[in-house]
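The values are calculated or read from the model by the stated rules, or taken from the named source; none is laboratory data. Quick caveat: nothing in here was measured; it's all calculated off a predicted structure. Here the Cβ positions follow ideal geometry from the backbone for every residue, glycine too, while neighbour counts run over all protein chains shown.
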Amino acid sequence: MPSRDEAVSAVETIVRYIEGKEGVLREGISRTPLRVVDSYDEMFSGYVGDSKEILESTFNAEGYDGMVLLRDIEFHSTCEHHLQPFSGRAHIAYIPVEKIAGISKLARLLDLHSKQLQNQERITKGIADDLEKHLRPLGCAVIIEAQHGCMRCRGVQKQNAVMTTSAMRGVFFDRDEARSELMQLIRSAPLQG
């Protein structure tokens with residue numbers, strides 16, 4: 001694995017390429033390579049940690065058999081194809097059998113998957129896979145809506161395009177009424193607070 005110094009040097013090379021200059025970096029960007037590597041440590045923190053750790057601390061469902069939905073969870077990720085940002089919101093739902101997870105765990109699971117070089121489809125599928133594996137619910141659903149920098153600032157330059165991906169498992173895949181209830185809850189009015 002490259003060292004931190006090598007990463008800083010690589011970013012400096014990219015900055016020099018962008019500026020089209022050799023020699024000492026000008027004052028405004030002289031510390032940019034270090035700042036970029038610092039920001040990468042935070043932006044790509046999803047490579048450290050795993051879903052089992054996040055979802056191992058659960059609670060007894062105590063007979064609760066309704067839907068659990070955490071909606072409108074904001075996230076930011078980086079497209080693995082162009083290193084452009086994409087961001088949006090996710091809706092994560094499951095119907096417990098024996099175990100429920102703390103709500104912060106669902107947001108942390110989203111962060112684990114989104115804070116990597118990614119594509120939206122893999123984030124969606126990965127979260128659903130983890131819920132199925134660790135919680136063993138009657139069903140789970142993940143819907144993600146995002147705007148992609150690679151669509152907005154380069155290529156086709158479509159400023160308002162929103163990509164939606166979904167993964168439906170168990171009763172959310174098999175039963176129309178479960179999907180219908182999920183969509184109704186996602187569309188319900190936001191809390192006023």
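List of remarks:
- Of residues in segment 160-177 being in contact with a Ser or Thr (Cβ under 9 Å, 6 or more places away or on another chain) and of a type in the set (Gly, Ala, Ser), the one surrounded by the fewest Cβ atoms within 10 Å (Cβ to Cβ): Ser166
- Candidate set: segment 1-60, residues that are of a type in the set (A, V, I, L, M, F, W, C) and assigned to a loop (DSSP other than H, G, I, E, B); chosen: the one surrounded by the fewest Cβ atoms within 10 Å (Cβ to Cβ): Met1
- Val36 being farther than 30 Å from Gly139 by Cα and modelled with pLDDT of 95 or more: yes
- Looking across segment 120-133 at every residue that is buried (at least 19 other Cβ atoms within 10 Å of the Cβ) and not acidic (Asp, Glu), the one that is farthest from Phe75 (Cα to Cα) is identified as Leu131.
- Qualifying residue in segment 109-119 (condition: surrounded by fewer than 18 Cβ atoms within 10 Å (Cβ to Cβ) and touching an Asp or Glu at 6+ places or on another chain (Cβ under 7 Å)): yes
- Residue match in segment 58-70 (condition: under 23 Å from the mean Cα position of the chain (by Cα) and either farther than 30 Å from Glu177 by Cα or modelled with pLDDT under 95 (or both)): yes
- Residue list for segment 96-108, restricted to those being buried (at least 16 other Cβ atoms within 10 Å of the Cβ) and touching a Pro at 6+ places or on another chain (Cβ under 7 Å): Pro96
- Test for Ile18: is it β-branched (Val, Ile, Thr) and free of Cβ contacts under 8 Å to residues at least 24 places away in the same chain: yes
- Scan segment 135-145 for residues that are surrounded by fewer than 19 Cβ atoms within 10 Å (Cβ to Cβ) and not basic (Lys, Arg) and the total you get is 2.
- Meets criteria (farther than 24 Å from Ala141 by Cα, assigned by TED's automatic domain parsing to the domain that holds Ile144 and within 28 Å of the chain's Cα centre (by Cα)) for His81: yes
- Pairs are defined by a Cβ separation below 6 Å, a sequence spacing of at least 6 or placement on different chains, a first member in segment 164-193 that is over 16 Å from Gly66 (Cα atoms), and a second member that is part of a helix (DSSP H, G or I) and not β-branched (Val, Ile, Thr); the pairs so defined are Thr165/Gln120; Thr165/Glu121; Ala167/Lys125; Ala167/Ala128.
- Taking segment 103-193 as the region of interest, none of the helices (runs of 4 or more DSSP H) fully inside it holds 2 or more residues being acidic (Asp, Glu), under 18 Å from Ala93 (Cβ atoms) and not assigned by TED's automatic domain parsing to the domain that holds Gln84.
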